[in-house]
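Just below is one structure, and these are the notes that go with it.
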Amino acid sequence: MAVVFGAILFVSAGTIAWPAGWAFLVLFFCFMIALSAWLLRFDPGLLEERMTGIGKSDQKTWDKVLLGIMAVAFFGWLAVMGLDVVRFRWSDMSWRVQLLGAVLLLASFYVFFVTFRENTYLSPAVRVQTERSQRVVTTGPYRYVRHPMYAGFVLFAFATALLLGSWYGLLGAALLTGLVAQRAVLEERVLQNELQGYDAYAARVKYRLVPYLW
């Protein structure tokens with residue numbers, strides 16, 4: 001994954017002399033390694049689900065299609081930021097704004113971690129894990145929004161664009177947010193139909209991604 005991310009960023013940039021690109025890769029993959037090590041020790045069942053959930057027979061067909069679209073959009077977004085910031089220099093962003101992006105990126109990692117810590121059923125695929133006796137999770141960040149993982153991703157996307165210094169990246173982050181929001185709506189239909197207790201939880205926690213907004 002690190003090789004793929006790095007190749008997309010630096011090939012599109014046309015150079016490896018991009019400090020912000022390296023900063024993003026180091027921060028992101030240090031977090032990924034640390035999170036994976038934590039899961040291996042404290043929740044190996046979730047780690048296995050994260051690694052094998054996509055493509056299982058009970059994953060919804062629409063989710064497979066939507067994940068494909070989101071993957072293309074995500075990697076295209078990374079490439080656009082390399083073209084924007086380094087190769088063509090369309091964007092000119094203050095280092096202070098980029099530093100803010102780094103801080104927000106770390107904040108998104110915290111949201112990811114507490115979500116993983118609370119929800120052992122956090123599959124990358126839309127499916128109800130009957131083999132693991134999935135239940136509704138209502139603790140931690142789930143007390144405030146129904147999809148804290150998606151909320152963390154929205155913060156991650158905007159923070160990444162700021163850290164890399166790309167105004168066009170912010171537009172891409174808005175597009176990715178729209179795709180994530182669509183997936184959240186479709187996923188909730190599955191949970192309401194197939195996961196006992198989700199209707200009552202959704203009635204109690206009214207917001208999907210952002211408290212008091214949506």
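Miscellaneous remarks
- Test: residue in the stretch 33-47 that is of a type outside the set (A, V, I, L, M, F, W, C), in contact with a helix residue (DSSP H, G or I) (Cβ under 8 Å, 6 or more places away or on another chain), more than 20 Å from R87 (Cα to Cα) and touching a residue at least 24 places away in the same chain (Cβ under 8 Å): yes
Table: residues versus (1) in a loop (DSSP other than H, G, I, E, B); (2) touching a Phe, Trp or Tyr at 6+ places or on another chain (Cβ under 7 Å); (3) surrounded by 17 or more Cβ atoms within 10 Å (Cβ to Cβ).
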| position | (1), (2), (3) |
| --- | --- |
| V4 | no, no, no |
| I16 | yes, yes, no |
| C30 | no, no, no |
| L40 | no, no, no |
| E48 | no, no, no |
| M51 | no, no, no |
| G55 | yes, no, no |
| L67 | no, no, yes |
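- The stretch 143-156, residues that are touching a residue at least 60 places away in the same chain (Cβ under 8 Å) and under 17 Å from A107 (Cα atoms): Y144, V145, H147
- Taken together, V210, V205, V154 contain a single residue that is at pLDDT 95 or above and under 30 Å from A20 (Cβ atoms), which is V154.
- Every residue from the stretch 103-124 that is more than 16 Å from the chain's Cα centre (by Cα) and either assigned to a helix (DSSP H, G or I) or among the hydrophobic types (A, V, I, L, M, F, W, C) (or both): V103, E118
- Selection of the stretch 167-183 for residues being surrounded by fewer than 16 Cβ atoms within 10 Å (Cβ to Cβ) and free of Cβ contacts under 8 Å to residues at least 24 places away in the same chain yields L171, A174, G178.
- First in the stretch 80-92 and small (G, A, S), second anywhere and part of a helix (DSSP H, G or I), Cβ under 6 Å, 6 or more apart: G82/L9; G82/S12; G82/A13; S91/D84; S91/V85; S91/W167
- Positions within the stretch 190-209 being more than 18 Å from S123 (Cα to Cα) and either surrounded by fewer than 13 Cβ atoms within 10 Å (Cβ to Cβ) or among the acidic types (D, E) (or both), in sequence order: G197, D199, A200, A203, R204, K206
- Within the option set Y168, Y142, being part of a helix (DSSP H, G or I), more than 27 Å from L9 (Cβ to Cβ) and not aliphatic (A, V, I, L, M) holds for one residue only, Y142.
- Of residues in the stretch 120-142 being over 22 Å from A203 (Cβ atoms) and among the polar types (S, T, N, Q), the one surrounded by the fewest Cβ atoms within 10 Å (Cβ to Cβ): S133
- The residue of the stretch 18-28 that is farthest from L106 (Cα to Cα), among those that are of a type in the set (F, W, Y) and not in a loop (DSSP other than H, G, I, E, B), is W22.
- Note on the stretch 18-28: among residues that are more than 16 Å from the chain's Cα centre (by Cα) and free of Cβ contacts under 8 Å to residues at least 60 places away in the same chain, the one that is surrounded by the most Cβ atoms within 10 Å (Cβ to Cβ) is W22.
- Residue check, V85 crowded, with 18+ Cβ neighbours inside 10 Å and part of a helix (DSSP H, G or I): yes
The values are calculated or read from the model by the stated rules, or taken from the named source; none is laboratory data. Given the structure is predicted, the values throughout are model-derived calculations rather than measurements. Backbone-built Cβ (ideal geometry, glycine too); neighbour counts: all protein chains shown.
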